[in-house]
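For reference, the structure discussed in these notes is given below.
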Amino acid sequence: MIDFTLELKKFKPAVGVEVGAEDLFDNDVKDITDLVEEMVKTMQEEKDR
Amino acid sequence: MKCVKCGHNVGNDGFCTGCGFENKHIKKAYNTANYYYNLGLEKANMRDLSGAAACLEKALTYNKSQKDARNLLGLIYYQMGEAGKAYIQWKISAQLITIEENLANLYIRDMEEHPAIFESINESAKKFNLAISYAKQGSDDLAMIQIKKVLSLTPNFVRGHLLFALLHMRAGDNNAAKADLYNALAIDNYNTTALRYLSELGEKPKGAPQLVNAEKLKPENDNLKNVRPVDHYEDPNREQWKQFVYMLIGLAIGVVAMFVLVIPSVKAGVSVDYNNLKKEYTQTVQEKDSEISQLQEDKQSLETENDNLKSSLSVYEGTDGEDSMYDSLLKATQQFAVPNYVECAKYLAKIKKKDLPSSTSQNMYQEMKDTTYPAASSILYDTGMEKYNKYQYEEALKDFKQAYKYSDNNYETLYQLAMCYKRTGDVDKATQYFYDIINKSGDEDLIRRACNYGLDMQINDGKQAAQAAAAGAAASSETSN
């Protein structure tokens, strides 16, 4: 039996094309490179201390 | 591939040529990204669009700079009716530095060359979000209206078909829901949500639905039989001036309806009331007129009766300090006994025979009058002549007046009376009396004297003048009547 309320919650808003350039890239996904860069940065900071 | 630590190139062994940092995990991640991209591409070829999108999104979590994955993800989104998401992916892709030409630029240029497409995408997104909001509030009818508009603008919007199907299912219209779900599956052949909903409805699609033309994906009227016509619905957030105009039109219609329907009925009611009131008023006025007429008759009758009573009373009581009839009768009797006929006649003139209460008194009055009046008239004529001959015309006039009053139309006395008037300057009255003598007396000698001495005319002229005066008097009398 479908829980209509729950199903409705799964519907996320649609996106238009009125998106600013900053929002465009800030909201982009982080990939492995980002994670490794963050890890390296953290390790470098710990080493500097 | 660049080193994540220093940005120098990474060698085939996975170590940075600049800093020597080991980049093999990154290389592994890029390989995984390529794997998911290939998987996504395969699913896209099978028109498992939602599956392909999931794979491509995962590929980007391993390598967000993978241009092909982004471009393909944009295409997948575009195919699923989510042009906004596609545009974002292509814009990010266009920022990536690549040697070969980036197809994303071509896609973006195609979109940006047609502002109407942008408008349509934004409108569709707004209406879809509004539909979700209505659906969450329980206003399914309004949500369906919005969804129908969304699908008219974007027939391949998979999530729109799914939401439409869900609303139909909640409304109990399973056939419409199935149609919506098959529409969704026609775009995204293996959409898990659509398949799950169909399973709930007891449907098991045998194979992948055929790809259908976008126009055919627009909602059918049968699917909307429990939805009000959208042509009459306006987004409350837009074009508020239209609402104001509609309000004015409604107001105008209301005013016209009032004038056409309400006021005539009110007027008719007032007219009926007015006629009834007028009828009642007329009846009342007629009744009052009748009463007034009756009262006037009563008043007339009472006044007549009052006059009679006053006359009767005057026999016994004098009025205005004068003698009563009895007093006058007594005094007349006394003067008759002397005998002083002039004085007696004066008292008798004050008495009205009909007012005397008894026949005895009336007989007594008549007997005295028959004797007294001729005698008094003769005496007064004689005294008048004496005064006339002495040129005492004013004094003579009084005596002749009395003498003529007591006489029975004695024209000789009237002649002398007229001569007195002539002598005293009252020619009109004198002339009138002379005409009476000429027309009525029949005494030729008297007529001659009236003509010659009274009117200073020849006899014939005097007669003609008298006749003309009598004719004129008769004509004026008829005219006045």
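Structure notes:
- Residue check for B:Ile76: at pLDDT 85 or above and either more than 9 Å from chain A (Cβ to nearest Cβ) or in contact with a strand residue (DSSP E or B) (Cβ under 8 Å, 6 or more places away or on another chain) (or both): yes
- Note on the stretch B:13-28: residues that are over 25 Å from B:Leu73 (Cα atoms), within 13 Å of chain A (Cβ to nearest Cβ) and either of a type in the set (Asp, Glu) or assigned to a helix (DSSP H, G or I) (or both) total 2.
- Condition broken by B:Leu163, with the remaining ones in (1) touching a residue at least 40 places away in the same chain (Cβ under 8 Å); (2) under 21 Å from A:Pro13 (Cα atoms); (3) within 11 Å of chain A (Cβ to nearest Cβ) satisfied: (1)
- Filter result for B:Ile108 (surrounded by 17 or more Cβ atoms within 10 Å (Cβ to Cβ) and more than 9 Å from chain A (Cβ to nearest Cβ)): yes
- Unique residue being surrounded by 15 or more Cβ atoms within 10 Å (Cβ to Cβ) and at pLDDT 90 or above when the list is B:Asn102, B:Asn156: B:Asn156
- All positions within the stretch B:79-99 that are more than 10 Å from chain A (Cβ to nearest Cβ), touching a residue at least 12 places away in the same chain (Cβ under 8 Å) and farther than 17 Å from B:Leu162 by Cα: B:Trp90, B:Ser93, B:Ala94, B:Leu96, B:Thr98
- Checked against (1) touching a residue at least 60 places away in the same chain (Cβ under 8 Å); (2) buried (at least 20 other Cβ atoms within 10 Å of the Cβ), B:Ala176 passes all but a single condition, namely (1).
- Among the residues listed as B:Asn38, B:Asn31, B:Asn71, the single one being at negative phi and either in contact (Cβ under 8 Å) with a residue 24 or more places away in the chain or in a loop (DSSP other than H, G, I, E, B) (or both): B:Asn71
- Residue pairs whose Cβ atoms lie under 8 Å apart, sitting 6 or more positions apart in sequence or on different chains, and linking a residue in the stretch A:2-15 that is facing another protein chain (nearest Cβ under 7 Å) to a partner that is outside any loop (DSSP other than H, G, I, E, B) and among the β-branched types (Val, Ile, Thr), are A:Leu8/B:Ile132; A:Phe11/B:Ile132; A:Pro13/B:Ile132; A:Val15/B:Ile88.
Listed here are the residues, each with its yes/no results for (1) farther than 18 Å from B:Tyr406 by Cα; (2) surrounded by 17 or more Cβ atoms within 10 Å (Cβ to Cβ); (3) not polar (S, T, N, Q).
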residue: B:Asp307; (1), (2), (3): yes, no, yes
residue: B:Asp323; (1), (2), (3): yes, yes, yes
residue: B:Ala337; (1), (2), (3): yes, no, yes
residue: B:Glu343; (1), (2), (3): no, yes, yes
residue: B:Met364; (1), (2), (3): no, no, yes
residue: B:Met368; (1), (2), (3): no, yes, yes
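- Residues of the stretch B:168-185 that are among the hydrophobic types (A, V, I, L, M, F, W, C) and touching a Leu at 6+ places or on another chain (Cβ under 9 Å): B:Met169, B:Ala176, B:Ala177, B:Leu181, B:Ala184, B:Leu185.
- Hits in the stretch B:159-177 (condition: more than 15 Å from A:Glu7 (Cα to Cα) and either in the same structural domain as B:Met80 (by TED's automatic domain parsing) or assigned to a helix (DSSP H, G or I) (or both)): B:Asn174, B:Asn175, B:Ala176
The values are calculated or read from the model by the stated rules, or taken from the named source; none is laboratory data. All values reported here derive from a predicted model rather than from experimental measurement. When we count neighbours, we look across all protein chains shown, and the Cβ atoms used for this are built from the backbone with ideal geometry, even at glycine.
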